[in-house]
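Please read the structure below before turning to the comments.
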Amino acid sequence: GPVAEMFQVIQGAVTEEYVRSTQGVFQFELSGDGGGTWYIDLKTKGGSAGFGKPRVPADVVMSMSSADFVKMFT
């Protein structure tokens, strides 16, 4: 679905430079189609993004609909 596709794009865009400059872990609690818990880790070496909880505690947790998440990132 659109949420999974968006996280594939985000994962592909994660670079060491983003990780060095951001140093944050973002957790998204999404409702609706493709919802669930997703994360973007821009703190751990290499960075990562995907479905589930991050491996380290999140610095920011956002709750929103999956439709709003897709709008926010497009």
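Things to note:
- Summed over the residues of segment 2-67 and divided among them, the accessible surface reaches 57 Å² per residue at a probe radius of 1.4 Å.
- Rounded percent of accessible protein surface that carbon and sulfur make up, the chain, 1.4 Å probe: 56
- Top positive-direction residue, dipole computed over the chain with Cβ charges, set S31, G50, V70: G50
- For the chain: relative contact order, % (alpha-carbon pairs under 8 angstrom, 6 or more apart): 35
- Stokes-Einstein diffusion coefficient of the chain, Kirkwood radius over Cα pairs, 4 °C, 1.567 mPa s, in µm²/s: 107
The values are calculated or read from the model by the stated rules, or taken from the named source; none is laboratory data. It should be emphasised that the depicted structure is a prediction, and the values quoted were computed from it without experimental measurement. Backbone-built Cβ (ideal geometry, glycine too); neighbour counts: all protein chains shown. We work out accessible area using only protein heavy atoms, side chains counted, and drop any ligands, DNA or RNA first. Shrake-Rupley method; radii C 1.70, N 1.55, O 1.52, S 1.80 Å.
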